[in-house]
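Working notes, beginning with the structure itself.
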Amino acid sequence: MSPEQSASRAPAKTYCIIGDPVHHSLSPGMQNAAFNTLGLNCTYIAFRVPPGELAASIESLRAINIAGFNVTIPHKVQVMKYLDELDATAEKAGAVNTVNNVHGVLRGYNTDMHGFIAPLRRRNIDFKGMTVLLLGAGGAARAIVAALSEEKQNIARVVIANRDQKRALDLAEMGRSKFGLAECQALPFEEAEAASPEADMIVNSTSIGLNNEPSPISCEHIKKGAIVYDIVYRPVVTDLIEQAKFAEARVVYGYEMLVEQGALAFEIWTGMPAPRDVMKKNLLGIFGEPE
């Protein structure tokens with residue numbers, strides 16, 4: 001019997017993504033393409049969970065014996081209290097975006113750290129002396145600061161701009177005390193554009209752009225040759241990415257992080273190498289990579 005035939009006869013497993021909103025999520029298509037390619041009897045769906053319903057929803061997922069799930073805005077931090085175990089990545093980031101169910105035990109992981117840093121390492125980015133401007137202070141931002149801390153011997157400064165200043169201050173303190181980033185500071189969100197010309201890398205970890213909102217930073221405030229990384233992946237080309245191109249900056253697309261974090265989640269769930277090319281092709285379709 002071939003591995004594909006064996007897999008097709010295995011008990012069906014269901015996976016999902018929880019968050020609010022989730023209608024825009026490209027994870028179901030990407031993960032289902034990966035499952036189908038490897039002949040796995042698995043299905044992945046989107047499950048909208050409003051903030052006030054997280055606890056009840058986790059219990060519902062337990063009740064149906066969900067095989068695993070991803071977590072997106074706004075639950076990446078709050079979900080931790082409803083899980084049985086946390087992997088070292090989740091402990092470090094202080095946020096969870098992937099959960100695996102092993103014999104009824106829900107174990108949380110953070111694949112955003114790997115997802116974020118992998119596209120930068122693939123480009124052989126030199127972090128030496130770099131000033132990073134990070135927009136947002138939520139669960140994704142925590143993972144990004146944790147990932148950047150692995151380059152702490154090179155990065156000069158991380159500036160966190162967020163509307164909720166307390167969250168920005170808390171994350172900056174975490175960057176300094178937990179991750180060893182000596183220069184990690186908070187900034188009111190409305191001051192981000194004024195600070196952006198000094199940034200060697202600008203990262204958007206907020207949902208701004210998801211509904212085609214205008215970029216919080218215009219091209220005049222982006223340094224030529226800087227790196228602009230927008231983790232919003234739909235639309236693929238956000239207004240921030242457009243502004244970055246006008247400024248002749250280097251861009252990193254959100255779909256790149258989505259593929260990498262999703263591939264690692266797939267490997268945690270299945271124990272098999274993820275078909276990254278298939279996952280990427282599913283996201284980008286017949287049009288291929290943007291220029």
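The values are calculated or read from the model by the stated rules, or taken from the named source; none is laboratory data. Everything quoted here is computed from the prediction, not taken from an experiment. Cβ atoms come from the backbone with ideal geometry, glycine included; neighbour counts cover every protein chain shown. Remember, those area values only see protein heavy atoms, side chains included, never the ligands or the DNA or RNA. Shrake-Rupley method; radii C 1.70, N 1.55, O 1.52, S 1.80 Å.
Is it true that some residue in segment 186-195 is closer than 13 Å to Val145 by Cα, in contact (Cβ under 8 Å) with a residue 12 or more places away in the chain and more than 20 Å from the chain's Cα centre (by Cα)? Break it down into steps so the answer makes sense when it comes.
Taking segment 186-195 first, the residues closer than 13 Å to Val145 by Cα are 186.
Filter once more, keeping what is in contact (Cβ under 8 Å) with a residue 12 or more places away in the chain: 186.
Next, from what is left, pick out any that are more than 20 Å from the chain's Cα centre (by Cα): 186.
Yes; the residues of segment 186-195 include at least one that is closer than 13 Å to Val145 by Cα, in contact (Cβ under 8 Å) with a residue 12 or more places away in the chain and more than 20 Å from the chain's Cα centre (by Cα).
Do we have Ala182 as open to solvent by less than 10 Å² (accessible area, probe 1.4 Å) and more than 17 Å from the chain's Cα centre (by Cα) here? So Ala182 does not fit the description; no. Scanning segment 121-162 for residues that are without any contact (Cβ under 8 Å) to a residue 40 or more places away in the chain, open to solvent by less than 20 Å² (accessible area, probe 1.4 Å) and in a strand (DSSP E or B) yields Val158, Ile160, Ala161. If you go through segment 234-272 and keep only what is in contact with a strand residue (DSSP E or B) (Cβ under 7 Å, 6 or more places away or on another chain), surrounded by fewer than 22 Cβ atoms within 10 Å (Cβ to Cβ) and farther than 20 Å from Ile217 by Cβ, you end up with just Ile268.
Count of segment 56-74 residues, restricted to those that are aliphatic (A, V, I, L, M) and surrounded by 13 or more Cβ atoms within 10 Å (Cβ to Cβ), is 6. Selection of segment 85-120 for residues being open to solvent by 20 Å² or more (accessible area, probe 1.4 Å) and either of a type in the set (Lys, Arg) or in contact with a Phe, Trp or Tyr (Cβ under 6 Å, 6 or more places away or on another chain) (or both) yields Asp87, Thr89, Lys92, Arg107. Scanning segment 163-214 for residues that are farther than 17 Å from Ala140 by Cα, at pLDDT below 95 and of a type in the set (A, V, I, L, M, F, W, C) turns up Leu181, Ala182. Scanning segment 163-179 for residues that are more than 21 Å from the chain's Cα centre (by Cα) and surrounded by 24 or more Cβ atoms within 10 Å (Cβ to Cβ) turns up nothing. Does at least one position in segment 274-285 carry a residue that is open to solvent by 70 Å² or more (accessible area, probe 1.4 Å) and closer than 18 Å to Arg121 by Cβ? Checked against the condition, which is being open to solvent by 70 Å² or more (accessible area, probe 1.4 Å) and closer than 18 Å to Arg121 by Cβ, segment 274-285 yields at least one hit. Within segment 77-91, identify whether any single residue is hydroxyl-bearing (Ser, Thr, Tyr) and either in a strand (DSSP E or B) or modelled with pLDDT under 95 (or both), and answer yes or no. No, the conditions are met nowhere in segment 77-91. Checking the condition surrounded by fewer than 18 Cβ atoms within 10 Å (Cβ to Cβ), of a type in the set (A, V, I, L, M, F, W, C), touching a strand residue (DSSP E or B) at 6+ places or on another chain (Cβ under 7 Å) and within 22 Å of Glu267 (Cβ to Cβ), which residue from Ile45, Ile18 passes? Just one listed residue meets the conditions, Ile45.
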